[in-house]
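Working notes, beginning with the structure itself.
The values are calculated or read from the model by the stated rules, or taken from the named source; none is laboratory data. As the structure is a computational prediction, the values presented were derived from the model and not from experiment. Here Cβ is always computed from backbone atoms with ideal geometry, including for glycine, and neighbour counts include all displayed protein chains. With ligands, DNA and RNA removed, areas are computed over all heavy atoms of the protein, side chains included. Shrake-Rupley method; radii C 1.70, N 1.55, O 1.52, S 1.80 Å.
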Amino acid sequence: MGEIVSVDRPARHSTGLEPLRAQFPVLAQAVNGAPLAYLDNAATTQTPLPVQDAMRRFEQHDRANIHRGVHALSQRATDAFEQARNDLKRFVGAGAEHELVFTSGTTEALNLVAHGLSTSGAAPAVIQPGDEIIVSGLEHHANLVPWQQAARRRGATLRILRPDAQGRLHPEDLAQLLTPRTRVFAVTACANATGERPPFEALLALAAEAGAFTVLDAAQSVAHAVPGLSALDCDFMAFSGHKMYGPMGTGVLVGRRGALERLEPLRYGGDMVAWVSATEASFAELPLRLEGGTPNVSGAVGLAAAAAFIDQTGRALIDAHLSALRAHAAAGLAGLPGVTVLSAETGASAIVSFVAEGVHPHDIGTLLDEQGIAVRTGHHCAQPLLDHLGLGPTTRASFALYNTHAEVERLLAGVSHARKLLR
Ligand code: PLP
């Protein structure tokens, strides 16, 4: 691959991405009479042919249940699943001290952590009455609501690390909130509503130093700026397959083995037990302990293929491309009268969120859709952040490695047209 280098040129009519785009057949269609410009990648990215092929190969040749079969297909399926686990560990820079658990997505992974730390099993729950949980104010509801529930369940206090008026987080503010009772600190690596990239390395380090379990939501960064796990003070990191060119209904919880061992399982049943009597059971070792039931095996194979696709394309090239698209879009939108771009002057990447004075985002989104441009409108499952910034619902365009500067120009023209029409 490597054609993505074309984006280094600011040429607006660059066609160098075509070989890459050809890997994504869904993009080659017209919507409402115009070529599709798919700019809703923060919600879900498209999958390339190599990911679809890997899953089809598994389904056509190796499909069987894993871990409990002596026959050849079961063994091949088990090998494929465990190979996917190892490939994904490598992808996120996991070391010998880390383990990786397959989940159905970021939401399940974060619920597993919040539930697992706040539920008693053979050992008392980690979170005790009077303890404190700190969650950043940039979070998707998936990294907030499970902590609200955990705090409620245990009689703990939930504190919010508030962003400033530009939507930025500051380590000195976290330092003020940390106490000896802080059990958990949870933060995103990239805010889905604004694209803001907080200084999560410093924040996690501060929280770990204070003795808290640290949780990183990597759902929005893993497709273009994969956090390197071994370099972080991170106990738990979560991400979703469908946001990194992989299959829907797949995801990962990866973290320190010692921290994962503290989690009470979310799902009890087959595959996660060591022995079972009529009245009692003991649980298997990690990672199976946290993977009760039959997993999405072809999904895991597809997810590993997606990670390989990212690496073959080039992580740094993808990141540079997405930053260039974001900068182009943010500058163009900010130049339109009455338009405010969120996180306009920060190191945001891949996502541009904006509001237009006097025009409802839903109407902008509908008019853009009429021109074949797919964006997302609303609160983006981050209502407390948008309320805090005083902006309400927004229109959000989000980019992937196959998007072009020509599509950004179409977005800008579409928003300008919508503004004139709707005001
Ligand atoms: N965290 C962030 C930052 C997200 O953007 C999302 C989805 O948009 C999620 C968590 C939830 O991901 P999923 O729906 O794949 O579980």
>> Could you tell me how many of the residues in the stretch 66-90 are assigned to a loop (DSSP other than H, G, I, E, B), at pLDDT 95 or above and surrounded by 15 or more Cβ atoms within 10 Å (Cβ to Cβ)?
In response: 1
>> Can you go through 320, 316, 306 and tell me which one is open to solvent by less than 10 Å² (accessible area, probe 1.4 Å) and assigned to a helix (DSSP H, G or I)?
In response: 306
>> Anything in the stretch 188-214 that is away from the ligand (no atom under 11 Å from the Cβ) and part of a strand (DSSP E or B)? List them, or say none.
In response: 213, 214
> Within the stretch 240-278, restricting attention to residues that are of a type in the set (S, T, N, Q) and within 16 Å of the ligand (Cβ to nearest atom), which residue is nearest to residue 52 (Cα to Cα)?
Replying inline: 250
> Somewhere in the stretch 401-419, is a residue surrounded by fewer than 19 Cβ atoms within 10 Å (Cβ to Cβ) and under 25 Å from the mean Cα position of the chain (by Cα)?
Replying inline: no
>> So if I check each of 109, 42, 54, which one is surrounded by 18 or more Cβ atoms within 10 Å (Cβ to Cβ), touching a strand residue (DSSP E or B) at 6+ places or on another chain (Cβ under 6 Å) and more than 25 Å from residue 289 (Cα to Cα)?
In response: 42
> Of all strands (runs of 3 or more DSSP E) completely enclosed by the stretch 338-422, which ones contain at least 1 residues that are among the basic types (Lys, Arg) and in the same structural domain as residue 325 (by TED's automatic domain parsing)?
Replying inline: 376-378, 394-398
>> Looking for something part of a helix (DSSP H, G or I), open to solvent by 20 Å² or more (accessible area, probe 1.4 Å) and within 20 Å of residue 262 (Cα to Cα) - is there at least one such residue anywhere in the stretch 118-136?
In response: no
> If the Cβ limit is 7 Å and pairs must be 6+ apart or interchain, which residue in the stretch 52-70 that is in the same structural domain as residue 302 (by TED's automatic domain parsing) pairs with which residue that is in a loop (DSSP other than H, G, I, E, B)?
Replying inline: 55/247; 65/294; 67/271
> Checking residue 180 against (1) part of a loop (DSSP other than H, G, I, E, B); (2) within 16 Å of the ligand (Cβ to nearest atom), which test does it fail?
Replying inline: (2)
>> Suppose we filter 266, 229 for residues that are of a type in the set (A, V, I, L, M, F, W, C), touching a Gly at 6+ places or on another chain (Cβ under 7 Å) and open to solvent by 30 Å² or more (accessible area, probe 1.4 Å); which single one remains?
In response: 266
